[in-house]
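Here's the structure we're looking at; comments come further down.
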Amino acid sequence: MIKAILIFNNHGKPRLSKFYEHYNEDTEQQIIRETFHLVSKRDENVCNFLEGGMLIGGSDYKLIYRHYATLYFVFCVDSSESELGILDLIQVFVETLDKCFENVCELDLIFHVDKVHNILAEMVMGGMVLETNMNEIITQVDAQNKMEKSEAGIAGAPARAVSAVKNMNLPEMPRNINIGDISIKVPNLPSFK
Amino acid sequence: MPAPIRLRELIRTIRTARTQAEEREMIQKECAAIRSSFREEDNTYRCRNVAKLLYMHMLGYPAHFGQLECLKLIASQKFTDKRIGYLGAMLLLDERQDVHLLMTNCIKNDLNHSTQYVQGLALCTLGCMGSSEMCRDLAGEVEKLLKTSNSYLRKKAALCAVHVIRKVPELMEMFLPATKNLLSEKNHGVLHTSVVLLTEMCERSPDMLAHFRKLVPQLVRILKNLIMSGYSPEHDVSGISDPFLQVRILRLLRILGKGDDDSSEAMNDILAQVATNTETSKNVGNAILYETVLTIMDIKSESGLRVLAINILGRFLLNNDKNIRYVALTSLLKTVQTDHNAVQRHRSTIVDCLKDLDVSIKRRAMELSFALVNGNNIRGMMKELLYFLDSCDPEFKADCASGVFLAAEKYAPSKRWHIDTIMRVLTTAGSYVRDDSVPNLIQLITNSVEMHAYTVQRLYKALLDDISQQPLVQVASWCIGEYGDLLVSGQCEEEEPIQVTEDEVLDVLEGLLVSNLSTPVTRGYALTAIMKLSTRFTSVNRIKKVVSIYGSSIDVELQQRAVEYNALFKKYDHMRPALLERMPIMEKTASNGPTEIVQTNGETEPSVVEAKHPPPVTQPTNQANDLLDLLGGNDVVPVIQNTVSTKPASAGGELLDLLGDLSLSGGTSPAPAPSVPTSQPSFFLDGLTSQPLFNDIAAAGIPPMTAYNKNGLKIDFTFERANPNPNIAVITIHASNSTEADMTDFVFQAAVPKTFQLQLLSPSSNVVPALNQGTVTQVIRVLNPQKQQLRMRIKLTYTHKGSAVQDLAEVNNFPPQSWQ
């Protein structure tokens, strides 16, 4: 069972914190700080597994982490989860985020925390792994986002316009027209009638 | 009221804050705005406000006032609202707040909603934070959804069911019918969560386990399909088809196959196939292999398969990736008990891992190394482990040191090697060894009699180098106190003897007493050692001075000891040699039981009674054993008494079962536990009061008698009954000399008829001073079970005016009360 999923940056600021067991707010913050201390001390070329800190349950729980650029992704798991499997899960999670946000960076996580939560909810539920297929997850998340947008009404208009332009598929304009040759190669322009 | 700012705006604002105080201010302002907006019951912006609240909650600020708002959002019809509402419920609410029960109805409605995403949200929230009451109410709905054909909902329902079972185990039965055709699904997501559900049920109930065993063939088939199916783009992760599902199935197979022959049979082939076919270049392959190995180890697999598994682990150990090595070491640790020989083959690789930079790997390698030590490889392994001890982090040193001690104790090839190893540990990691290692080591040294000289010499040299490591110092000072005479006499077979004078030794010990590095316990050891040397060395005056100085020490422990030792010098000087003799061999009552030893140090003897065989080499030939065997009548068998000179392993030990509770020779000792010395004074005094030694005429009303009076030597007997045993008569002889010259080398021997048993304790001294200036006293105990008339033959030898005198006499005039 996964006890907690934490994302924080190199300075320890939390970017996402999801606990699958209840702690009160102070304890949650303390756990984040403690985990940051433990994980940031690690060298780059050591293994990605750590014993959990005192607050999170001590040596019965393991911290499995991966460091991507400026962010640490930490999963706190108990002994029923396979350590190498969780490493793969972190990889799948990050790849999913990458697909959803297009070259995800820390700012995306900062400004769209709720979306990250939604994606995570499609992957891990109640501390257990729900779905690991990236495409499946993205399909579901997209469908739900569409539902939200359809409800948004007028306030969502600017957002819809932006996404419409993104999805527009402008045909390629010809780059080179060979004047010297009589037979001008004119590409297949769509009929703008 | 202006529209509340968007979440994005808030985040941007907060990020501009430069100090914590600024951030707090901004957040408080926003919180106030949110609170007033909540009070206004504003429906349109509620979700925005709650989103902001959740963000602030993540940063660590209190957000409990948003809980009810979350509930309102959940009740709304809009999907956006519901989404944020459920997220808020998951983050802010839990079963400890009563508010959460209000959600139950909403969730129930949403579980039957027309939109699958709303149903999904409800399932997700129930599965994350549902309390047992909620679970009980809603379990029926979840079960219904478990049977639906919608795979999206089915997989969520499966995990929700797992949560329900965890919270309310009695409901497990309810989900049983729905699991019937879970495994025939094509959708991998559903398969995955179904396997999780089955795993949970099997772990919780052995009946379920038995029930699901019949699914093993189906699981094997699914696994086979996954491996053989070739490339499937939607489930592919780095070239392997759905590794997550494979790992889950392997885990379920492990649980089903444990302890069951048939299932294990069915699995053997597929496990071998997975083990050999999986690619190991990427992490995913290794994850599957790792799970396979764990499964092979747990079920009743055939030996070929097990060897294959351990070889895979061995290959892992050589992998460059630290993660792989870590998991390999962890699994080897689990299997070393059962497949010891197979793991031994990889010993050298494991020992190499000790040198790894990674702390987690080092720790596991160390534990595994200790598990692999056996009689054959002890020397090599110990070398590596000691090298590791030198260079490792402090957090390892304590565990490593204890491990080394344990291993050395079990497999030491020779006593000298054992002592060398322990000394090496003490010198390199002295301050990290556990407290119980000091008494253990002392006991070990006492037992290896032939090594005494070598040990004390080495310890002395170590002490000269460094006095900061307390356990080492304590052991060294104890040894010097005990065997100081061997040190000074310069006899050592194993090594080059060093030339040490008594003064140098005393210098070192006094240095310990005054040094700032010594703890109070160490000082106690040092003082006692100095005291013991007073019977082994000749320069008693210096010792007397030291002891008297500490009589006014601030440390109560030291003061008490010094005062007692002072008293020993002044008033009870005749008892000093007996008290400060060599310690007998200590019997270990338990392998880890230092506490027994501690007691025996103080009281010395009750448990030593069993150790009745003192090392034969260093003993005078006729030992106390002869006590009991006396010829009757006219033959005088010299009964051995405890000699004044210090011979190792005093005879006092064995005699004590006769003595019962009176144990005079309770040797002073370096008792680490402070409680023991406090018992000593009363003990000490008990020895005095119950044994009237001097001029106190015997209690019990038996009149004293003169046994011998010739040539100026007069011997008086005084009597007493030993309380617990009325058959024992305690006789104290007082020898006095009325001539002008001292009688030196005075030895008193006695013999009694066969029906009696005699025991002689050590005399107070062997010089009877001239002109009745003092007396030599000695205690005789006679056991007279048949209450026959006491008769005794005595033999006296002494040197008087340069010539040796010997005399025999019979004593028949014992008063009747002494033997009735």
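Values for this structure:
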{"read-out": "Test: B:Glu502 is modelled with pLDDT under 85, assigned by the TED database to the domain that holds B:Cys479 and loosely packed, with under 15 Cβ neighbours inside 10 Å", "value": "no"}
{"read-out": "Test: B:Leu385 is out of contact with any Asp or Glu (no Cβ under 7 Å at 6 or more places or on another chain), open to solvent by less than 20 Å² (accessible area, probe 1.4 Å) and either basic (Lys, Arg) or more than 22 Å from B:Val327 (Cβ to Cβ) (or both)", "value": "yes"}
{"read-out": "Residue list for segment B:709-719, filter: surrounded by fewer than 20 Cβ atoms within 10 Å (Cβ to Cβ) and part of a strand (DSSP E or B)", "value": "B:Asn709, B:Lys710, B:Lys714, B:Asp716"}
{"read-out": "Hits in segment B:59-90 (condition: touching a Leu at 6+ places or on another chain (Cβ under 7 Å), within 8 Å of chain A (Cβ to nearest Cβ) and among the aliphatic types (A, V, I, L, M))", "value": "B:Ala63, B:Ile84, B:Leu87"}
{"read-out": "Selection from segment B:199-248 of residues that are under 40 Å from the mean Cα position of the chain (by Cα), of a type outside the set (Ser, Thr, Tyr) and within 14 Å of chain A (Cβ to nearest Cβ)", "value": "B:Glu200, B:Met201, B:Cys202, B:Glu203, B:Arg204, B:Val247, B:Arg248"}
{"read-out": "Subset of segment B:21-46 (residues that are more than 57 Å from the chain's Cα centre (by Cα) and buried (at least 20 other Cβ atoms within 10 Å of the Cβ))", "value": "B:Arg46"}
{"read-out": "Within segment B:522-562, tally of residues that are of a type in the set (Gly, Ala, Ser) and open to solvent by 50 Å² or more (accessible area, probe 1.4 Å)", "value": "2"}
{"read-out": "Failed item in (1) open to solvent by less than 50 Å² (accessible area, probe 1.4 Å); (2) touching an Asp or Glu at 6+ places or on another chain (Cβ under 8 Å), with A:Leu16 passing the rest", "value": "(2)"}
{"read-out": "Selected residue (only one of B:His113, B:His100 is open to solvent by less than 10 Å² (accessible area, probe 1.4 Å) and either of a type outside the set (D, E, K, R) or within 11 Å of chain A (Cβ to nearest Cβ) (or both))", "value": "B:His100"}
{"read-out": "Checklist (1) out of contact with any strand residue (DSSP E or B) (no Cβ under 8 Å at 6 or more places or on another chain); (2) surrounded by fewer than 21 Cβ atoms within 10 Å (Cβ to Cβ); (3) of a type in the set (Asp, Glu); (4) modelled with pLDDT under 90 applied to A:Glu131, failing item", "value": "(2)"}
{"read-out": "Top-ranked residue of segment B:254-267 - restricted to ones that are open to solvent by less than 20 Å² (accessible area, probe 1.4 Å) and closer than 21 Å to B:Asn311 by Cα, ranked as farthest from the other protein chains (Cβ to nearest Cβ)", "value": "B:Ser264"}
{"read-out": "From the options A:Tyr61, A:Tyr72, residue that is within 18 Å of B:Ile361 (Cα to Cα) and more than 11 Å from chain B (Cβ to nearest Cβ)", "value": "A:Tyr61"}
{"read-out": "Some residue of segment A:105-113 being facing chain B (nearest Cβ under 9 Å) and among the aromatic types (Phe, Trp, Tyr)", "value": "yes"}
{"read-out": "Qualifying residue in segment B:154-166 (condition: surrounded by fewer than 21 Cβ atoms within 10 Å (Cβ to Cβ), charged (D, E, K, R) and either within 14 Å of chain A (Cβ to nearest Cβ) or on the phi < 0 side of the Ramachandran plot (or both))", "value": "yes"}
{"read-out": "Filter result (more than 19 Å from B:Met705 (Cα to Cα) and open to solvent by 10 Å² or more (accessible area, probe 1.4 Å)) within segment B:764-782", "value": "B:Ser764, B:Ser765, B:Asn766, B:Val767, B:Pro769, B:Leu771, B:Gln773"}
{"read-out": "Condition broken by B:Asp420, with the remaining ones in (1) within 25 Å of B:Phe537 (Cα to Cα); (2) free of Cβ contacts under 8 Å to residues at least 40 places away in the same chain satisfied", "value": "(1)"}
{"read-out": "Checklist (1) away from every other protein chain (no Cβ under 13 Å); (2) not polar (S, T, N, Q); (3) not in a helix (DSSP H, G or I) applied to B:Ala275, failing item", "value": "(3)"}
{"read-out": "Count of residues meeting criterion [in contact (Cβ under 8 Å) with a residue 40 or more places away in the chain, open to solvent by 10 Å² or more (accessible area, probe 1.4 Å) and farther than 14 Å from B:Asp485 by Cα] in segment B:451-470", "value": "5"}
{"read-out": "Elements of type helices (runs of 4 or more DSSP H) in segment B:75-173, at least 3 residues being free of Cβ contacts under 8 Å to residues at least 60 places away in the same chain and of a type in the set (Gly, Ala, Ser)", "value": "B:79-92, B:116-129, B:132-146, B:151-167"}
{"read-out": "Residue in segment B:278-300 that is nearest to the other protein chains (Cβ to nearest Cβ), counting only those that are among the polar types (S, T, N, Q) and open to solvent by 10 Å² or more (accessible area, probe 1.4 Å)", "value": "B:Asn283"}
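Listed here are the residues, each with its yes/no results for (1) surrounded by 16 or more Cβ atoms within 10 Å (Cβ to Cβ); (2) in contact (Cβ under 8 Å) with a residue 40 or more places away in the chain.
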site	(1), (2)
B:Ala342	yes, no
B:Asp356	yes, no
B:Arg363	yes, no
B:Leu389	yes, yes
B:Asp393	no, no
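One line per residue, one yes/no per condition, for (1) under 18 Å from B:His452 (Cβ atoms); (2) charged (D, E, K, R):
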site: B:Ala476; (1), (2): yes, no
site: B:Glu482; (1), (2): yes, yes
site: B:Val488; (1), (2): yes, no
site: B:Asp507; (1), (2): no, yes
site: B:Ser518; (1), (2): no, no
site: B:Arg523; (1), (2): no, yes
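The values are calculated or read from the model by the stated rules, or taken from the named source; none is laboratory data. Values in this document were obtained by computation on a predicted structure and should not be read as measured data. Positions of Cβ are generated from backbone atoms using ideal geometry, with glycine treated the same way; all protein chains shown enter the neighbour counts. Remember, those area values only see protein heavy atoms, side chains included, never the ligands or the DNA or RNA. Shrake-Rupley method; radii C 1.70, N 1.55, O 1.52, S 1.80 Å.
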